[in-house]
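The values are calculated or read from the model by the stated rules, or taken from the named source; none is laboratory data. Quick caveat: nothing in here was measured; it's all calculated off a predicted structure. Here the Cβ positions follow ideal geometry from the backbone for every residue, glycine too, while neighbour counts run over all protein chains shown. Quick note on the areas: whole protein, heavy atoms, side chains included, nothing else; ligands and nucleic acids left out. Shrake-Rupley method; radii C 1.70, N 1.55, O 1.52, S 1.80 Å.
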Amino acid sequence: MAGTGKAHLRDDKNVLLRVEDLVVEFPIGRTGLKVNAVSGISFDVLKGETLGIVGESGCGKSTTGRAIMQLPSPTSGSIKFDGTELTSLSGEAMREARTKIQMIFQDPISSLNPRRNVRDIVLEPLTIWNRGTKAEQLAAVDKILEHVGIDPQRAAESKPHQFSGGQCQRISIARSLVLNPQMIICDEPVSALDVSVQAQVVNLLEDLKKEFELTLVFIAHDLAVVKNISDRIAVMYLGKICEVSSSDDLYRNPAHPYTEVLLSSIPVPDPTVAVKKISVDGEPPSPVSPPAGCRFNPRCPNASDRCRSEEPTLREIEPGHFVACHHPLTGGEAPVSVRSN
Amino acid sequence: MNQSDMVRSEHEPLVETIDVKTHFKTARGIARAVDGVSIQIRRGQSLGVVGESGSGKTVLSRSIMGLLPRNGVIREGSVRYQGQEIGNRSDKEMQSIWGREMAMIFQDPMTSLNPVMKVGKQISESLRKNLGMSSSEALAVAEKLLHDVRIPEPARRLNQYPHELSGGMRQRVMIAIAMACGPNMLFADEPTTALDVTVQAQILELLSEQKRDRNMSLLLVTHNLGVVAGYTDEIAVMYGGKVVEKAPTKTLFANTKMPYTEALLSSIPRLDQPSHSRLSTIPGRPPDIVHPPKGCRFAPRCAYVRDLCLNEEPELQQADSPDHTYRCFYPVGSPEYLERRVELTRKGELVASEGSN
């Protein structure tokens, strides 16, 4: 069985986004080689839920977020948003669909046009889509700026560089909200911010989510932040999903050895706690020629021969907790799959 | 240096700053980036300098190392290295110190490495220049340095360019360059902020290992108190250009005095909290260093502020344990602090102190 399985997909009428067998590959020049950025992942997000996607650089988490927006369209796979198949939409229809899914990026300063004033930046989506009269648009912009904690008066007079990083991220959030989207994809929205400002932005996202009935996909490499904001977390490694679980459960009972590594790498703000040494050596291998079997096997302390040849499939080890591992830390060994040989 | 000086210098701090001020002339006025900082670092010791953006932590480390722009800077106070004043030296005089005595690694390894020079050449450059090695000797040492910082296949890496390496590898190369001439003092300015958590753990581990093996002193600049907790002996918390609390790491965490330090600590998301817990934030923003507030610089954002704080600047106070100092009239645990804390808890503001700037 290829891919990492779909056991964790839910058959719920509240599913807002359902991604199946998503594959994103980028060819490398004319070498015939390709970067396997995302290799057959599936997940779903319910209305009002926050899905966290966590993993190291190069695991495909950002590519996944962008593939949902068709930026660029995936190599194969299905992305259903609110009942519409996004991959088969025409350019114009996709543009329209993007008003319902918005993105926030990592670097708040470079994602805002430095030469325009902040109020115009937030106004632009409304002008493009001709929503209401000019006066109504401006009123909507001022209202949303107030919501995210930016003084509209100052926004009308200032350019992005006159604001701090945290404030620029608030402006990005305002811009993404102004079209009243159903879902926001946040790609490392707080990684570039100071810890104290991080907390402000995370709290703001939580408030806005309630107020605007948003569904969030929160992509980050810092499991502590992801855990705090998410209802459900998918851990990615080298283009595959290794574990899916509710966020509290993931922290209490990590099942995949890689999840445990991620958890133990987070610095503990307490000098009396000895630094746990479950850290792995090295870095993820190249996604150009990913290892056979389980993709984590070259760095995994528990790897066996089976891990080097047979790719694990996501399976449920307790209600709502899924892992793709032959020898998980909890939940018992994977049953040996019946092969026709 | 005569005999008695040498003996004395062993007990003296390796690096010491006395009331260092670094002010920049800007269009808006004088920016007091570092405003009277006195710190000491002993040999083999590590000091964490922690603060938000704009607290002056980076400018402080650059002031010690003498890496400041030539124009538009007003500097005062004294910087001593092994008992000798280096604060007033010219760049030319500092060249004997850079690399051999003090070295620095920066946050973004991609922009600090030369993109068109092979890694091997970048490491061996300072060996040839400072230690007068031949290029083949220097390359051999460079290979060993790459091995020391745990880069696989060091011989092959010597001939690679920075873009061929991952972010973590590049930061390892930066560390190898800094280590090349065996400095006594290493400044690491947010060395892991641009890296993944897993790689961050590896780099911090590597830094503390190098520090131990070489009996080197380390000044670790970061905005994350979590990062310094496990890797430093002492911590100085900076705010608005001043050190507002300084203590041995364990004391600082166990017996926090400054409400700012406490607020910084509680804004770190913790894994042991259930998800969707409200994160506590520090309202407002760091002070304007061109026009700093009159009293305590943290007062406008402090939940425990009183009239005195707004009018008078607190001097450095001595805490119960030696080596522990702070700048606060009503420190954590004082009757006034506790009284306000009860009020805040009653109003439900303590857990959810909102960020409303």
Condition check for B:Glu125: open to solvent by 60 Å² or more (accessible area, probe 1.4 Å), in contact with a helix residue (DSSP H, G or I) (Cβ under 6 Å, 6 or more places away or on another chain) and more than 21 Å from B:Leu195 (Cβ to Cβ): no
Qualifying residues in segment B:272-291 (those that are open to solvent by 20 Å² or more (accessible area, probe 1.4 Å), in contact (Cβ under 8 Å) with a residue 12 or more places away in the chain and within 22 Å of the chain's Cα centre (by Cα)) - the one nearest to the other protein chains (Cβ to nearest Cβ): B:Arg285
Residue ranges of strands (runs of 3 or more DSSP E) in segment B:128-239 with at least 1 members within 11 Å of chain A (Cβ to nearest Cβ): B:217-222, B:234-239
Elements of type strands (runs of 3 or more DSSP E) in segment B:1-115, at least 3 residues being in contact with a Pro (Cβ under 9 Å, 6 or more places away or on another chain): B:29-41, B:102-105
Yes/no for B:Leu344 being of a type in the set (A, V, I, L, M), closer than 28 Å to B:Pro269 by Cβ, open to solvent by less than 40 Å² (accessible area, probe 1.4 Å) and modelled with pLDDT under 90: yes
Residues being facing another protein chain (nearest Cβ under 10 Å), under 22 Å from A:Ala334 (Cβ atoms) and not hydrophobic (A, V, I, L, M, F, W, C) - total across segment A:250-276: 2
Filter result for the condition that a residue is open to solvent by less than 10 Å² (accessible area, probe 1.4 Å), among the acidic types (Asp, Glu) and either touching a residue at least 24 places away in the same chain (Cβ under 8 Å) or more than 23 Å from B:Asp35 (Cα to Cα) (or both), over B:Glu245, B:Glu234: B:Glu245
Among residues of segment B:291-325, those that are within 27 Å of B:Phe24 (Cβ to Cβ) and either among the hydroxyl-bearing types (Ser, Thr, Tyr) or in contact with a Ser or Thr (Cβ under 7 Å, 6 or more places away or on another chain) (or both), counted: 2
From the options A:Leu205, A:Leu193, residue that is farther than 29 Å from A:Phe81 by Cα, under 18 Å from the mean Cα position of the chain (by Cα) and either touching a residue at least 24 places away in the same chain (Cβ under 8 Å) or facing another protein chain (nearest Cβ under 9 Å) (or both): A:Leu193
Among the residues listed as B:Arg70, B:Arg32, B:Arg28, B:Arg43, the single one being of a type in the set (Lys, Arg) and touching a Leu at 6+ places or on another chain (Cβ under 7 Å): B:Arg43
Within segment B:150-198, tally of residues that are modelled with pLDDT under 90, under 20 Å from the mean Cα position of the chain (by Cα) and open to solvent by 30 Å² or more (accessible area, probe 1.4 Å): 2
Considering residues of segment A:46-74 that are over 18 Å from A:Leu262 (Cα atoms) and within 13 Å of another protein chain (Cβ to nearest Cβ) only, the residue least open to solvent (accessible area, probe 1.4 Å): A:Thr50
